[in-house]
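Notes follow the structure.
The values are calculated or read from the model by the stated rules, or taken from the named source; none is laboratory data. Remember, it's a predicted structure, so these values are computed and weren't measured experimentally. Cβ atoms come from the backbone with ideal geometry, glycine included; neighbour counts cover every protein chain shown.
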Amino acid sequence: MLLIDPPYTRFMNFYRYFYPVGLTYVAGALKSKGHKVKIYDAEHDPKLRTVKFRNITSSYDDYLKALENKDHQVWSEVRKVMASSKPDIVGISSIAPCKIGSTFRVAEIAKEYESDLKVMVGGQLSAASVNDVLSNPNIDIVVRGEGEITAAELLDRLQNNSKFEDVKGISFRKDGKIVHNPDRPFIKDLDSLGFPDIESLMGLQTYRSVDLGIIMTSRGCPYGCSFCGLKDFWGRRIRCRSIENVIEEVLRLKEKFNVQYFSFWDAVFTFNRKRTIQLCRKLLETDSEIKWECVTRIDLFDSELIQQMKKAGCQKIRIGIESGSDRILKHLKKGFTTNLIRKQAEILKANKMTWSAYLMFGTPEEKEDDIVETINLIKEIEPSFVTIGTFYPIPDTEIFNELENRGELPKAVDYNKLSTKVLSSHYMRYLTLERFQRLMRQAILVTEKINKRHYSDDPLFSEKLECHKKGTHGTRKLPKKSQRSKRAIAVGSILTSVLKRKKKSNFTTSPKRKYRTRTQEDG
């Protein structure tokens with residue numbers, strides 16, 4: 001089976017940090033059942049670099065144009081990988097609405113390669129978007145929700161030519177109609193899943209070690225933010241892996257892939273204070289040199305907890321603030337106020353903790369005063385880094401339903417423009433698009449000034465540049481070329497040959513190429 005992460009940011013010519021974690025979990029589940037799996041990360045191009053938010057928004061049209069250009073070099077690459085892999089089944093990950101157009105193009109290429117090929121799609125798809133995905137004739141089945149168990153059961157049925165119509169958690173077409181099977185229950189024992197099968201990634205040697213340091217210690221989010229779809233995909237109850245299992249993965253990544261910096265991708269890492277402290281203590285006991293970052297809420301820490309985290313190696317915390325207006329925070333159902341943001345920012349500053357604030361502009365109820373308040377709040381609290389994005393309505397969320405009920409959404413959703421990187425979409429009731437874009441330019445200038453200071457002050461950024469100078473930036477330590485298995489060489493070379501890169505015998509990157517240390521700022 002060939003699992004594919006379809007291209008998106010690659011068309012905008014900027015480096016997509018990390019790797020498709022969800023697909024590596026699915027690959028691990030499939031391999032445990034005896035299936036052969038490869039993962040083709042079509043988003044990944046090691047030649048690309050980081051760009052600023054303003055450059056991403058200005059180049060977004062390049063993505064839209066690429067969707068219409070069947071002869072684009074990236075689509076040619078997809079065809080070549082398809083032909084060289086010779087899959088019997090293709091699975092495509094569509095983790096965001098904006099990638100549905102790219103998903104359709106990849107599915108079309110798969111059917112061009114072999115018309116009888118089964119094409120499955122999974123990812124964080126809403127109930128509404130599942131119907132739209134299955135309206136595409138090149139897609140046969142949609143895997144809803146967590147995909148590990150469902151995909152494994154489905155693949156068993158397909159490869160044995162057995163009926164699959166009763167598999168839980170899938171949707172498909174039958175007799176011209178779309179059928180939705182009952183949901184599959186959430187996976188209770190996350191330890192039972194095993195670790196992400198990173199080895200299934202084609203072109204593994206082209207990834208940076210820091211890209212492979214993603215760990216999810218839990219799934220789920222209990223909060224009710226009106227714009228977010230995570231709670232519907234992962235569930236409102238938080239399910240946690242055992243601390244022992246998490247530590248085992250940390251050590252595995254460090255040993256096998258030379259990972260020195262880890263990113264915990266839990267929706268709310270510090271939700272369970274007691275567990276967070278236990279994990280910090282275990283990390284410190286295991287390896288005092290480990291460095292890491294996490295994502296959490298502004299109301300889920302205090303000074304004591306920050307000190308514990310910092311002692312255990314935490315280098316940065318990512319926090320979704322969204323707005324500096326209490327009126328907008330209430331509409332977004334964030335559950336906190338700007339006064340709390342100020343108080344918690346002081347705690348982070350007092351403990352010298354680097355943190356990144358996420359902001360969202362362009363929500364339906366936002367007025368000019370609200371945007372100005374957000375800009376002023378960011379100037380006041382001075383986070384280490386600021387990541388900004390524009391609002392888009394995620395299907396089936398509370399705000400999406402509000403807009404739909406008021407008749408403020410088009411009848412046909414243009415998924416390709418549902419992105420935080422699009423400045424031309426407009427869902428605001430009180431501001432014209434032109435005025436909003438002018439205000440966004442002001443916000444971009446303020447955030448770029450803050451971020452420029454962050455780069456010069458961040459010791460981790462300097463450390464990563466030093467790794468480049470020393471040529472120690474590869475993902476893992478390898479034996480000499482003559483000692484590698486022929487299979488490893490073949491799998492690892494597929495993507496690099498397609499990219500027409502000159503094959504190297506080690507896993508280092510050019511010292512001329514500069515990365516900043518951290519990761520999701522442009523995600």
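Thr206 meets the conditions (1) among the polar types (S, T, N, Q); (2) at pLDDT 95 or above; (3) surrounded by 20 or more Cβ atoms within 10 Å (Cβ to Cβ) in every case but one. The failed one is (2). Looking across segment 311-333, the residues that are under 18 Å from Tyr261 (Cα atoms) and in contact with a Cys (Cβ under 9 Å, 6 or more places away or on another chain) come down to Lys311, Ala312, Gly313, Cys314, Lys316, Ile317, Arg318. Any chance you could count how many residues in segment 79-92 are without any contact (Cβ under 8 Å) to a residue 40 or more places away in the chain and either assigned to a helix (DSSP H, G or I) or small (Gly, Ala, Ser) (or both)? Total meeting the criteria: 2. Return yes when Val90 is in contact with a Ser or Thr (Cβ under 8 Å, 6 or more places away or on another chain) and within 22 Å of Phe164 (Cα to Cα) and no when it is not. The answer is no for Val90. Against the numbered list (1) crowded, with 16+ Cβ neighbours inside 10 Å; (2) part of a helix (DSSP H, G or I), Lys449 comes up short only at (1). For segment 316-330: of the residues being touching an Asp or Glu at 6+ places or on another chain (Cβ under 9 Å) and surrounded by fewer than 20 Cβ atoms within 10 Å (Cβ to Cβ), which is nearest to Pro383 (Cα to Cα)? The selected residue is Asp326. Consider segment 331-355 and keep the residues that are surrounded by fewer than 19 Cβ atoms within 10 Å (Cβ to Cβ) and among the basic types (Lys, Arg). The one that is nearest to Phe391 (Cα to Cα) is Lys333.
If only residues of segment 407-427 that are within 20 Å of Ile328 (Cα to Cα) and out of contact with any helix residue (DSSP H, G or I) (no Cβ under 6 Å at 6 or more places or on another chain) are counted, the one that is surrounded by the fewest Cβ atoms within 10 Å (Cβ to Cβ) is Glu408. If the condition is being in contact with a strand residue (DSSP E or B) (Cβ under 6 Å, 6 or more places away or on another chain) and outside any strand (DSSP E or B), then segment 191-208 contributes Ser200, Met202. Being of a type in the set (Gly, Ala, Ser), surrounded by fewer than 22 Cβ atoms within 10 Å (Cβ to Cβ) and under 22 Å from Gly176 (Cα atoms) holds for only one residue in Ser126, Ser85, Ser59, and it is Ser126. Reported count of residues in segment 209-234, each being touching a His at 6+ places or on another chain (Cβ under 8 Å), at pLDDT 95 or above and not in a loop (DSSP other than H, G, I, E, B), is 0.
Among residues of segment 385-401 being touching an Asp or Glu at 6+ places or on another chain (Cβ under 9 Å) and not β-branched (Val, Ile, Thr), the one that is farthest from Leu445 (Cα to Cα) is Asp396. Within segment 288-307, residues that are in contact (Cβ under 8 Å) with a residue 40 or more places away in the chain sit with their Cβ atoms under 6 Å from residues that are part of a helix (DSSP H, G or I) and buried (at least 21 other Cβ atoms within 10 Å of the Cβ), at 6+ positions apart or across chains, in these pairs: Ile290/Leu283; Ile298/Ile341; Ile298/Gln344. So, Glu289, is that one at pLDDT 95 or above and either crowded, with 21+ Cβ neighbours inside 10 Å or charged (D, E, K, R) (or both) or not? No: the conditions fail for Glu289. Might you check whether a residue that is surrounded by fewer than 18 Cβ atoms within 10 Å (Cβ to Cβ), in contact (Cβ under 8 Å) with a residue 24 or more places away in the chain and outside any strand (DSSP E or B) occurs anywhere in segment 159-174? Taking every residue of segment 159-174 in turn, at least one turns out to be surrounded by fewer than 18 Cβ atoms within 10 Å (Cβ to Cβ), in contact (Cβ under 8 Å) with a residue 24 or more places away in the chain and outside any strand (DSSP E or B). For segment 106-118, the condition holds for at least one residue, the condition being that it is in a helix (DSSP H, G or I), more than 22 Å from Leu230 (Cβ to Cβ) and basic (Lys, Arg).
Residue check: Cys98 meets all listed conditions (1) of a type in the set (A, V, I, L, M, F, W, C); (2) assigned to a loop (DSSP other than H, G, I, E, B); (3) crowded, with 22+ Cβ neighbours inside 10 Å but one, namely (2). When we screen Asp156, Asp175 for residues that are of a type in the set (D, E, K, R) and farther than 30 Å from Glu249 by Cα, the only hit is Asp175. For Ser76, indicate whether it is closer than 21 Å to Val119 by Cβ and either buried (at least 22 other Cβ atoms within 10 Å of the Cβ) or of a type outside the set (A, V, I, L, M, F, W, C) (or both). Criteria met by Ser76.
Out of everything in segment 2-44 that is part of a loop (DSSP other than H, G, I, E, B) and among the charged types (D, E, K, R), what residue ends up being farthest from Leu154 (Cα to Cα)? Only one residue fits best here, namely Arg16.
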